[in-house]
Amino acid sequence: MNLKPLFEIQRKLDDHIMDEHPELKEQNNVEWKILALQVEIGECANEWRGFKKWSHDQEPRTRVYDKNKSRIDKVVFKNPLLEEYVDGLHFVLSIGLENYSWYNELLPVNQGLRKTDPIKYENTIKQFNYLFETLGYFMDCCLDHEIGTTSEVEEQYENIVRMYLGLGEMLGFSWEQIEQAYMEKNAINHQRQNEGY
C-alpha cells in the first residue's frame with residue numbers, strides 16, 4: 001500500500017478547506033483534527049457493531065440500500081462501515097500534514113513514513129481501544145508538550161497510521177476498496193466545500 005498519493009490528494013483538500021475557511025490558516029489545527037478523528041473512529045465502531053454485546057444485532061453495516069440516491073432503473077447500495085472508515089482516514093492523513101511549528105519541521109510524511117506495515121491486536125475491540133489510547137498519547141506529545149520530542153511525535157503518528165491500516169484489514173477491507181472509497185469521499189468533500197458546507 002502506497003500512502004504517498006493519498007497524502008498529496010489530502011493536501012489538496014486541506015488547502016481547499018483553508019481557502020474556504022481562512023480563519024484556520026496560521027493556527028494550530030491539530031487539537032480539533034484529533035477530536036474529529038476520534039469521532040469518526042467512534043462512528044466506524046458504531047457501524048461495526050461488534051462491541052454491542054447487549055444486542056442480538058452485532059452484524060456490521062456493510063450493505064444498505066441508499067434511499068437518497070435511488071433510481072428507478074438501478075438499486076444503489078452503500079457500505080456505511082467503509083464510509084466511516086475512510087472518513088477517519090481523511091483525518092489520519094490531514095493530521096500528518098499539519099505543521100508542528102514548535103519543532104520547526106513537519107511530520108515524516110513529507111519524507112515518507114518509515115513503516116506502514118499494519119499493527120493489529122488480538123481482536124477488533126482491542127484495536128479500537130488502543131487506537132483511542134494512542135491518539136490521546138499523541139495529543140499529549142504534540143499539544144501539551146508533556147513528553148513530546150520530535151521523535152516521540154513522529155513515532156506516535158506512525159503508530160496511529162499503522163494501527164488505522166490494521167483496523168481496515170481487521171474490518172475486512174482490501175487496500176483497493178479503501179483507496180476507491182477514499183477517492184469517492186474526497187470528491188464529495190471537495191464538492192461540499194464548493195457548496196458552502
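We did not get these values from a lab; they are worked out from the coordinates using the rules stated. None of these values were measured; they are calculated from a predicted model. Methodologically, a virtual Cβ is constructed for each residue, glycine included, from the backbone with ideal geometry; neighbour enumeration extends over all protein chains shown.
What the Cβ-Cβ distance of MET1 and TRP32 gives, at R0 = 25 Å and to the nearest 0.05, is a FRET efficiency of 0.35. Taking θ as phi - 60° and the Karplus parameters 6.51, -1.76 and 1.60, the scalar couplings of the range 30-38 work out to 5, 4, 6, 5, 5, 4, 4, 5, 4 Hz in sequence order, x denoting glycine and proline. The gain in end-to-end length when the ASN129 to LYS115 segment is fully stretched comes to 2.9 nm, 0.36 nm per residue minus the alpha carbon separation.
Taking θ as phi - 60° and the Karplus parameters 6.51, -1.76 and 1.60, the scalar couplings of the range 49-59 work out to 6, x, 8, 7, 5, 7, 10, 7, 10, 10, 7 Hz in sequence order, x denoting glycine and proline. Summarising the label geometry, the points placed 7 Å from Cα in the beta-carbon direction at SER151 and GLN180 lie 4.3 nm from one another.
The 3J(HN,Hα) values that the Karplus relation (6.51, -1.76, 1.60; θ = phi - 60°) gives for the range 130-136 are, in residue order, 5, 5, 4, 4, 5, 4, x Hz. Gly and Pro appear as x.
From most to least packed by mean Cβ count within 10 Å, the peptides 7-16, 41-50, 155-164 give 155-164, 41-50, 7-16.
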